[in-house]
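Student: Mind looking over this structure? Questions follow.
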Amino acid sequence: MDEWIKKAKSYSSAKRLLFLASVAVNAGFFLAMIRTGASAVLARACYGFFADSYMAAVMFITLTGCALAAVSAPFTCVIPYTIERGYGLSRQAFLSWVVDCAKSALLSAALIMAMFTAVYFLLINFTLFWWLYAGIVFFLVNIFLARVFPMLIIPLFYKLTKVSDPGLKDKLSQLARKAGIKILDIYVIALGKKTSKANAAVCGMGTTKRILLSDTILEKYPADEIEMTLAHELAHYKLKHIWKLSLAGFLMTLTSLFLIDIMLNTLIRTGVIQYKYSLEAFPYMALFLTLFNFMAMPVENFITRIYEAQADKNAIALTNNPGALLKLMERLSSQNLSDPSPCRFEKIFFYSHPPAAERIAAAKNYQAV
């Protein structure tokens, strides 16, 4: 076995264990709030501090979120940095890493606060069908975030610059014409200052849709592999994968919210809570979402693996160069320390893309045909 593959498998194992530990910590935190009665004590304190129920809810969510952030900080910031540096992938100083963690935490906190406040409002005013209205609201918010993500969120962490290379622009124009789709802007995302990893993506919606290529790809990869990368991202756009994933996410969200409604009704019948909007219900909801999202990962990853395989096939047809995909997958796997051949359990649970070995085999089969 090549040395880099051994290192990739070790790196993947470390990341998987960290993720599982993080899920366990989050679930354990909310379970502890429930079992120890801490949620009921905190709820009474918040109601006693604020006469307005909405302000009490904001206080409850804020204090709960701060406590969870403190407990989970080693698993979301410190240990990940140790892993990335230990495997030679991160180029960031620890302070820079912590600043990025803080930005991410603040963005997540704002989103979670808005989400739970909206749920609280809907639980009070639309008790029967709150879950349906909440699902619609979350879907619309998701579409909004997808539109602003490349303009407002990514620049908080990485510098984006429009590609000025006329040769690359011309290549993209040719590929777009062959694919029969509208030309997209290409932006360079400056990953190189923070990591040695390489990446590419299509993001945004409508007028904000664009292709992102990392500087770590543009600086080192040959022209045919860059062309294959562009073709792959164009395929996602052509096949409307972003919209399809948004719809799938909407259905998953509706399912989780409907099941939460059933859980809340059960808690009321058994006398655990008095109303659906009782603050003591929020840890139950958070615990359920933590476990539901974890258990839904195989389904979500199954869908995205299908879309990635479709994009590969479409890109090969567009470029008529399966060998470029083969070389690209080998180079990316080695550079990013991605395990090319994980065990079946790891693939099903953790891989949003087909493993490199499968993508290489598909390219070889296409080449053979």
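Student: For segment 316-332, enumerate the residues that are part of a helix (DSSP H, G or I) and either touching a Pro at 6+ places or on another chain (Cβ under 9 Å) or surrounded by fewer than 18 Cβ atoms within 10 Å (Cβ to Cβ) (or both). Please lay out each step first, then the result.
Tutor: Of the residues in segment 316-332, the ones part of a helix (DSSP H, G or I) are 316-319, 322-332.
Matches in segment 316-332: 316, 317, 323, 324, 327, 329, 330, 331.
Student: Return yes or no: is residue 176 within 24 Å of residue 102 (Cα to Cα), outside any loop (DSSP other than H, G, I, E, B) and at pLDDT below 95?
Tutor: Details: within 24 Å of residue 102 (Cα to Cα): no; outside any loop (DSSP other than H, G, I, E, B): yes; at pLDDT below 95: yes.
Spelling it out, it is not the case that residue 176 is within 24 Å of residue 102 (Cα to Cα), outside any loop (DSSP other than H, G, I, E, B) and at pLDDT below 95.
Student: Something else about it: Just one of 285, 263 is under 17 Å from residue 119 (Cα atoms) and crowded, with 19+ Cβ neighbours inside 10 Å; which is it? Spell out the reasoning first.
Tutor: Numbers: 263 fails: crowded, with 19+ Cβ neighbours inside 10 Å.
None of the other options fit; the residue is 285.
Student: State all residues of segment 73-117 that are surrounded by 15 or more Cβ atoms within 10 Å (Cβ to Cβ), aliphatic (A, V, I, L, M) and in a loop (DSSP other than H, G, I, E, B); if no residue qualifies, say none.
Tutor: 89
Student: Which numbered condition trips up residue 109, out of (1) farther than 17 Å from residue 66 by Cβ; (2) of a type outside the set (Asp, Glu); (3) at pLDDT below 95?
Tutor: Residue 109 satisfies every listed condition except (1).
Student: A further question follows. Looking only at segment 9-32, which residues are of a type in the set (A, V, I, L, M) and without any contact (Cβ under 8 Å) to a residue 12 or more places away in the chain?
Tutor: Within segment 9-32, the subset of a type in the set (A, V, I, L, M) is 14, 17-18, 20-21, 23-25, 27, 31-32.
Matches in segment 9-32: 17, 20, 24, 32.
Student: How many residues are part of a helix (DSSP H, G or I), touching a residue at least 60 places away in the same chain (Cβ under 8 Å) and farther than 14 Å from residue 142 by Cβ when one looks only at segment 239-262? Explain how you work it out, then say what you get.
Tutor: Within segment 239-262, the first condition is being part of a helix (DSSP H, G or I), and the residues that meet it are 241-262.
Now restrict to residues that are touching a residue at least 60 places away in the same chain (Cβ under 8 Å): 241-242, 244-246, 249-250, 253-254, 257-258, 260-261.
Now restrict to residues that are farther than 14 Å from residue 142 by Cβ: 241, 258, 260-261.
Qualifying residue count for the region: 4.
Student: Could you tell me whether any residue of segment 183-190 is in a loop (DSSP other than H, G, I, E, B) and either out of contact with any Lys or Arg (no Cβ under 6 Å at 6 or more places or on another chain) or on the phi > 0 side of the Ramachandran plot (or both)?
Tutor: Within segment 183-190, the subset in a loop (DSSP other than H, G, I, E, B) is 183-184, 190.
So of that shortlist, the ones also either out of contact with any Lys or Arg (no Cβ under 6 Å at 6 or more places or on another chain) or on the phi > 0 side of the Ramachandran plot (or both) come out as 183.
Within segment 183-190, one or more residues are in a loop (DSSP other than H, G, I, E, B) and either out of contact with any Lys or Arg (no Cβ under 6 Å at 6 or more places or on another chain) or on the phi > 0 side of the Ramachandran plot (or both).
Student: Looking only at residues that are outside any helix (DSSP H, G or I) and exposed (fewer than 13 other Cβ atoms within 10 Å of the Cβ) in segment 118-129, which one is farthest from the chain's Cα centre (by Cα)?
Tutor: Residues of segment 118-129 outside any helix (DSSP H, G or I): 126-129.
With the extra rule that they be exposed (fewer than 13 other Cβ atoms within 10 Å of the Cβ), the set shrinks to 128-129.
On the way: 128: 31, 129: 28 Å.
Restricting to residues being outside any helix (DSSP H, G or I) and exposed (fewer than 13 other Cβ atoms within 10 Å of the Cβ), the top hit is 128.
Student: For segment 219-238, name all the residues that are out of contact with any strand residue (DSSP E or B) (no Cβ under 6 Å at 6 or more places or on another chain), of a type outside the set (Asp, Glu) and either crowded, with 16+ Cβ neighbours inside 10 Å or assigned to a helix (DSSP H, G or I) (or both).
Tutor: Of all residues in segment 219-238, those out of contact with any strand residue (DSSP E or B) (no Cβ under 6 Å at 6 or more places or on another chain) come to 219-228, 230-232, 234-235, 238.
In the following step, the residues that additionally are of a type outside the set (Asp, Glu) were identified as 220-223, 226, 228, 230-232, 234-235, 238.
Once the filter is applied, which keeps residues that are out of contact with any strand residue (DSSP E or B) (no Cβ under 6 Å at 6 or more places or on another chain), of a type outside the set (Asp, Glu) and either crowded, with 16+ Cβ neighbours inside 10 Å or assigned to a helix (DSSP H, G or I) (or both), segment 219-238 yields 221, 223, 226, 228, 230, 231, 232, 234, 235, 238.
Student: Could you say whether any residue in segment 73-80 is over 30 Å from residue 124 (Cα atoms) and touching a residue at least 60 places away in the same chain (Cβ under 8 Å)? Quick ask: steps written out before the conclusion?
Tutor: Here is the first cut: in segment 73-80, the ones over 30 Å from residue 124 (Cα atoms) are 73-80.
Imposing the further condition that a residue be touching a residue at least 60 places away in the same chain (Cβ under 8 Å) reduces the set to 79-80.
Scanning segment 73-80, I find at least one residue that is over 30 Å from residue 124 (Cα atoms) and touching a residue at least 60 places away in the same chain (Cβ under 8 Å), so the answer is yes.
Student: Residues that are closer than 21 Å to residue 353 by Cα, of a type in the set (Asp, Glu) and more than 18 Å from the chain's Cα centre (by Cα): does segment 198-221 have at least one? Spell out how you get there, then give the answer.
Tutor: Narrowing segment 198-221 to residues closer than 21 Å to residue 353 by Cα: 198-204, 210-214, 216-217, 221.
Now narrow it down to the ones that are of a type in the set (Asp, Glu): none.
For segment 198-221, residues closer than 21 Å to residue 353 by Cα, of a type in the set (Asp, Glu) and more than 18 Å from the chain's Cα centre (by Cα): absent.
Student: For residue 132, indicate whether it is without any contact (Cβ under 8 Å) to a residue 24 or more places away in the chain and over 20 Å from residue 234 (Cα atoms).
Tutor: Details: without any contact (Cβ under 8 Å) to a residue 24 or more places away in the chain: no; over 20 Å from residue 234 (Cα atoms): yes.
Against the criterion (without any contact (Cβ under 8 Å) to a residue 24 or more places away in the chain and over 20 Å from residue 234 (Cα atoms)), residue 132 does not qualify.
The values are calculated or read from the model by the stated rules, or taken from the named source; none is laboratory data. As the structure is a prediction and not an experimental result, all values here were calculated from the model. Don't worry about glycine lacking a Cβ; one is built from the backbone with ideal geometry, like all the others, and counts go over all protein chains shown.
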